[in-house]
Amino acid sequence: MAINVQWNDKSKAYIECTLQDPWSLREFIEARKTWYRMIKSVDHRVPIVLDLRETFELPKGALRQFSAIHRTPHERQGHLYVIGLNPAYERVAQHLFDGTVDPDKSVRMVDSAESIVSPQ
């Protein structure tokens with residue numbers, strides 16, 4: 001499967017969503033549905049780590065779907081941490097989330113999931 005969604009570990013501190021080429025928008029939309037179900041299963045804020053290190057091309061419309069993470073978040077969804085977004089898209093990414101009112105729902109670019117010391 002090109003997109004894998006799983007808890008970081010038994011603590012369920014955050015959700016890791018790993019994308020690997022080739023992947024489709026349909027798979028990404030299904031991944032979002034999966035992490036919504038996962039968030040519903042716990043009673044705390046859940047950050048999302050979006051790992052793009054193994055993907056080099058984004059399907060058409062992918063940036064719109066990335067911004068939808070913040071336009072239609074689960075009420076307990078926390079920060080979005082992005083790993084490995086290529087430099088051209090990284091410059092655009094922050095602008096996708098400008099309309100976000102809640103600072104808790106902002107995007108963070110990180111080098112690794114391990115750099116998230118205290119997700120929320």
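Among residues of segment 36-68 being in contact with a Lys or Arg (Cβ under 7 Å, 6 or more places away or on another chain) and aliphatic (A, V, I, L, M), the one that is surrounded by the fewest Cβ atoms within 10 Å (Cβ to Cβ) is V42.
Hey, can you tell me all the residues within segment 8-35 that are part of a loop (DSSP other than H, G, I, E, B), buried (at least 20 other Cβ atoms within 10 Å of the Cβ) and either among the hydroxyl-bearing types (S, T, Y) or at pLDDT 95 or above (or both)?
At the first step, the residues of segment 8-35 found to be part of a loop (DSSP other than H, G, I, E, B) are 8-14, 21-24.
So of that shortlist, the ones also buried (at least 20 other Cβ atoms within 10 Å of the Cβ) come out as 14, 23.
Passing the criteria: only Y14.
Where residues in segment 69-92 are among the small types (G, A, S) and more than 16 Å from W7 (Cα to Cα), which of them is modelled with the highest pLDDT? So, considering only residues that are among the small types (G, A, S) and more than 16 Å from W7 (Cα to Cα), the one modelled with the highest pLDDT is G84. Scanning segment 9-53 for residues that are in contact (Cβ under 8 Å) with a residue 60 or more places away in the chain and in contact with an Asp or Glu (Cβ under 6 Å, 6 or more places away or on another chain) yields one hit, V49.
The values are calculated or read from the model by the stated rules, or taken from the named source; none is laboratory data. Just so it is clear, the model here is predicted, and its values are computed rather than measured. FYI the Cβ positions are ideal-geometry reconstructions off the backbone, even for glycines, and counts take in every protein chain you see.
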